[in-house]
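Below is one structure, written out as structure tokens, with a few remarks after it.
The values are calculated or read from the model by the stated rules, or taken from the named source; none is laboratory data. Not measured: the values here are computed from a predicted model. Every residue, glycine as well, gets a Cβ built from its backbone with ideal geometry; the counts of neighbours run over all protein chains shown. Surface areas here come from the heavy atoms of the whole protein model, side chains and all, with no ligands, DNA or RNA. Shrake-Rupley method; radii C 1.70, N 1.55, O 1.52, S 1.80 Å.
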Amino acid sequence: MCGIIGYCGHRPAVPVLVEGLRRLEYRGYDSAGVGFLHTDGLKVIKAKGKLCELDKKLAQENVFNATSGIGHTRWATHGEPNEPNAHPHVDHTGRLAMIHNGIIENYQEIKKELLAEGVTFKSETDTEVLLNLISKYLQEEGEMLPALSRALNRVEGAYAIAVFDAQNPGVVHAARVSSPLVLGVGTGENFLASDIPAFLPYTRDVVFLEDGELVRIDASSWQVMRVRDLSPVEKKVDTITWDVQAAQKGGHKHFMIKEIFEQPKVIQDCLCGRLATDLDEVRLPELDCLEGAPKRIHIVACGTSFHAGLWGMYLLEQWARIPVQVEIASEFRYRDPILDPDTLIIAISQSGETADTLAGIKLAKQQGLKVLGLCNVVGSSVARESDYVVYTQAGPEISVASTKAMCSQLTALLLLTLHWGSKTGKLDPKIHRDTLHGLRSLPELLEKTLPALRDRAFELAREYSDADSFLYLGRGLYYPLALEGALKLKEISYIHAEGYAAGEMKHGPIALIDPKFPSFAIALDDDLFPKVKSNLVEVQARSGEIIALTNVGLDLEVDHRWDVPRASGPLATFLALPALQLFAYEVADYLGKDVDQPRNLAKSVTVE
Ligand code: M6R
């Protein structure tokens, strides 16, 4: 989704803005632009495409005088991705420039009103409409704060905006509802951005802004107030502990491959402080105020986080004997669900900013339910909106395709299962003990296994990168993995892929099988292995080619065996998952795709 940055300080603003936008590139975008005060007035420079296109335009200008301004990377919602629709937009008087992330739902009604008053528009965007409404109120009120408050109280939808006024160039105003916005507090400089990495080289001190808050920054001060009535809000300054290094590629070709290889550490970090040294207990002090285990669980999430939730359902029901329902957040929020008051909602989100998941949380809270956020980004909206938070501790995930975040979500779900399984008394103590033991050695096992997994993924990718479609098959715990394998392949290689429960294949998708339609099976050593094997025979009977992730010694004849080391019970998931990720990665890289920023996708989906 769009990335926004604002700066007021002592440095040349334009390079700060452009570098900040570069660190927000992972969010996905199709055009970019900056706005600042030039010697001859308000200057806005925009370009369609990647930041290098903007760089070319900026190289022809003298941009070093301005010490404040705003910058934006746009992920198109209203109007095609072209230069007129790119941000910043300028109001019809030429005085204000504004950037926006989100969607203004009632923009058409406001546009009609402004058109009738003679305002002309240069773009098809909802942003330009909101900006001209602010401009109209600025003329009426004479001051920016009441103008902003009036305009924002009128609009419906989601936004994070930043406004730059050429008549007051050392100041930037910004506000948010349901789109991320953080304030970076520096010395003699202040920043606004959609995400912390944008300003991390300059400051680690941040203020998380809440929905309905408005902020004014200049070089030496900042104030937060409520949009509603401009009343002041007291805010706490937090200090970020991770650094820029953690958000860079570290010698890898792409963030995605770096992040796949970080998974051993991710497991370790997620376990850190949560396993008692005597190995007998999982400690989750975050949940101390929850008495016992929940009676029922409803998991709400999107994309990869939804797949993690589905995996959690299998495990929580089997081991902790807690009834679990898992639902895609965009369905949950509009379904008018009947929720039992004993139900604990678990909202899973890497970014913590996914609009649908946040709406799911709000809905559950309106019905008086408690929400546990399983989330990676500290201080994110999911973390703040939830009653309890278990951080997954994966560190910043930059690649749009989520990899290490899922690994951390699965680790956290496994810990929750062990924790609640002991509380319900339903989990066999031996399984509990063996799993904890296995978890301790899992990072090392994975570390050793990853290079070989990559080599095999590389070989298979060359063989199958010309496929038009893939079917991913798995059962039980590996059904969610089949869904995830298919999602990874389609999102970064643009090869069509479907994930199916292997036993469901005969109810339709089997019609697709032919020698040109390969299947990728997850056929690991568990109780369901004989069933999966029979399903694969059905594929072979239709001359379908098969790649199978399996274990040494298992009796399985397929076109391409991919033997992964054994691990006990659900821990085998942690070896299968990177194999799926690496296969998708190697195919996409071989095909020369933009692995870290696939087309049409955004890292953080802050619109519905
Ligand atoms: O940040 P979240 O976990 O809430 O994001 C959910 C999905 O948007 C995300 O997992 C998406 O499906 C990824 N591109 C998958 O790789």
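Has the range 82-97 got any residue that is open to solvent by 10 Å² or more (accessible area, probe 1.4 Å), part of a helix (DSSP H, G or I) and either on the phi > 0 side of the Ramachandran plot or of a type in the set (Lys, Arg) (or both)?
Within the range 82-97 (the criterion being open to solvent by 10 Å² or more (accessible area, probe 1.4 Å), part of a helix (DSSP H, G or I) and either on the phi > 0 side of the Ramachandran plot or of a type in the set (Lys, Arg) (or both)), the answer is no, since none of the residues qualifies.
Name the residues in the range 380-415 that are out of contact with any helix residue (DSSP H, G or I) (no Cβ under 7 Å at 6 or more places or on another chain), away from the ligand (no atom under 14 Å from the Cβ) and either assigned by TED's automatic domain parsing to the domain that holds Ala160 or not acidic (Asp, Glu) (or both), would you?
Arg384, Leu415
Which is touching a strand residue (DSSP E or B) at 6+ places or on another chain (Cβ under 7 Å), farther than 14 Å from Gly303 by Cβ and at pLDDT 95 or above, of Ser493, Ser469?
Numbers: Ser493 fails: touching a strand residue (DSSP E or B) at 6+ places or on another chain (Cβ under 7 Å).
Of the residues listed, the single one that is touching a strand residue (DSSP E or B) at 6+ places or on another chain (Cβ under 7 Å), farther than 14 Å from Gly303 by Cβ and at pLDDT 95 or above is Ser469.
So in the range 292-301, with the set limited to residues that are surrounded by 23 or more Cβ atoms within 10 Å (Cβ to Cβ) and more than 11 Å from Gln325 (Cα to Cα), which one is farthest from the ligand (Cβ to nearest atom)?
Looking at residues that are surrounded by 23 or more Cβ atoms within 10 Å (Cβ to Cβ) and more than 11 Å from Gln325 (Cα to Cα), I get Pro294.
Could you tell me whether any residue of the range 496-516 is in contact (Cβ under 8 Å) with a residue 60 or more places away in the chain, touching a helix residue (DSSP H, G or I) at 6+ places or on another chain (Cβ under 8 Å) and within 15 Å of Phe470 (Cβ to Cβ)?
The answer is no, given that none of the residues of the range 496-516 is in contact (Cβ under 8 Å) with a residue 60 or more places away in the chain, touching a helix residue (DSSP H, G or I) at 6+ places or on another chain (Cβ under 8 Å) and within 15 Å of Phe470 (Cβ to Cβ).
Among the numbered conditions (1) part of a helix (DSSP H, G or I); (2) under 26 Å from Gly20 (Cα atoms); (3) not small (Gly, Ala, Ser), tell me where Val400 comes up short.
Of everything listed in (1) part of a helix (DSSP H, G or I); (2) under 26 Å from Gly20 (Cα atoms); (3) not small (Gly, Ala, Ser), Val400 misses just condition (1).
Quick one: Glu608 ticks every box in (1) open to solvent by 10 Å² or more (accessible area, probe 1.4 Å); (2) out of contact with any Asp or Glu (no Cβ under 8 Å at 6 or more places or on another chain) except a single one, so which number is it?
Exception for Glu608: condition (2).
Is it true that Thr435 is within 30 Å of Ala293 (Cβ to Cβ), open to solvent by 30 Å² or more (accessible area, probe 1.4 Å) and of a type outside the set (D, E, K, R)?
Considered against the rule, which asks whether it is within 30 Å of Ala293 (Cβ to Cβ), open to solvent by 30 Å² or more (accessible area, probe 1.4 Å) and of a type outside the set (D, E, K, R), Thr435 comes out as no.
When you check Ala461 against the structure, is it within 27 Å of the chain's Cα centre (by Cα), of a type in the set (A, V, I, L, M) and surrounded by fewer than 22 Cβ atoms within 10 Å (Cβ to Cβ), yes or no?
Yes: the conditions hold for Ala461.
Consider Ile161 carefully, then state whether it is open to solvent by less than 40 Å² (accessible area, probe 1.4 Å) and in contact with a His (Cβ under 8 Å, 6 or more places away or on another chain).
Against the criterion (open to solvent by less than 40 Å² (accessible area, probe 1.4 Å) and in contact with a His (Cβ under 8 Å, 6 or more places away or on another chain)), Ile161 qualifies.
Restricting to the range 312-370, count the residues that are under 19 Å from the mean Cα position of the chain (by Cα), surrounded by fewer than 22 Cβ atoms within 10 Å (Cβ to Cβ) and away from the ligand (no atom under 13 Å from the Cβ).
Selection size over the range 312-370: 3.
Kindly list the number of the only condition in (1) open to solvent by 20 Å² or more (accessible area, probe 1.4 Å); (2) in contact with a helix residue (DSSP H, G or I) (Cβ under 7 Å, 6 or more places away or on another chain) that fails for Val34.
Of everything listed in (1) open to solvent by 20 Å² or more (accessible area, probe 1.4 Å); (2) in contact with a helix residue (DSSP H, G or I) (Cβ under 7 Å, 6 or more places away or on another chain), Val34 misses just condition (1).
Somewhere in the range 418-430, is a residue among the β-branched types (Val, Ile, Thr) and either at pLDDT 95 or above or within 16 Å of the ligand (Cβ to nearest atom) (or both)?
No, the range 418-430 contains no residue that is among the β-branched types (Val, Ile, Thr) and either at pLDDT 95 or above or within 16 Å of the ligand (Cβ to nearest atom) (or both).
Show the residue pairs meeting these rules: Cβ distance below 9 Å; 6+ apart or different chains; first residue within the range 329-349 and over 19 Å from Leu416 (Cβ atoms) and modelled with pLDDT under 95; second residue within 13 Å of the ligand (Cβ to nearest atom) and assigned to a strand (DSSP E or B).
Pairs that qualify, where the first residue is over 19 Å from Leu416 (Cβ atoms) and modelled with pLDDT under 95 and the partner is within 13 Å of the ligand (Cβ to nearest atom) and assigned to a strand (DSSP E or B), are Arg333/Val300.
If Ala576 passes every condition in (1) within 20 Å of Glu491 (Cβ to Cβ); (2) at pLDDT below 95 but one, which one does it miss?
Tallying (1) within 20 Å of Glu491 (Cβ to Cβ); (2) at pLDDT below 95, Ala576 fails exactly one: (2).
Yes/no per residue for (1) part of a strand (DSSP E or B); (2) more than 16 Å from the ligand (Cβ to nearest atom); (3) buried (at least 16 other Cβ atoms within 10 Å of the Cβ); (4) not aliphatic (A, V, I, L, M):
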residue	(1), (2), (3), (4)
Ser543	no, yes, no, yes
Trp562	yes, yes, yes, yes
Ala567	no, yes, yes, no
Tyr585	no, no, yes, yes
Lys593	no, no, yes, yes
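Can you find, within the range 464-494, the residue that is surrounded by the most Cβ atoms within 10 Å (Cβ to Cβ) among those that are in contact with a Pro (Cβ under 8 Å, 6 or more places away or on another chain) and within 14 Å of Tyr585 (Cβ to Cβ)?
Ile492
Would you check which residues across the range 46-71 are assigned to a strand (DSSP E or B) and farther than 27 Å from Ser220 by Cβ and list them?
Listed by number, the residues that qualify are Lys46, Ala47, Lys48.
Being hydroxyl-bearing (Ser, Thr, Tyr) and under 21 Å from Asp525 (Cβ atoms) is the filter; apply it to the range 465-499 and report the residue that is nearest to the ligand (Cβ to nearest atom).
Filtering first and then ranking leaves Tyr472.
State whether one or more residues within the range 570-578 are more than 16 Å from the ligand (Cβ to nearest atom), out of contact with any strand residue (DSSP E or B) (no Cβ under 9 Å at 6 or more places or on another chain), open to solvent by 50 Å² or more (accessible area, probe 1.4 Å) and under 30 Å from Pro451 (Cβ atoms).
no
Taking the stated definitions as given, is Gly421 surrounded by fewer than 24 Cβ atoms within 10 Å (Cβ to Cβ), under 26 Å from Ala347 (Cβ atoms) and of a type in the set (Gly, Ala, Ser)?
Numbers: surrounded by fewer than 24 Cβ atoms within 10 Å (Cβ to Cβ): no; under 26 Å from Ala347 (Cβ atoms): yes; of a type in the set (Gly, Ala, Ser): yes.
Criteria not met by Gly421.
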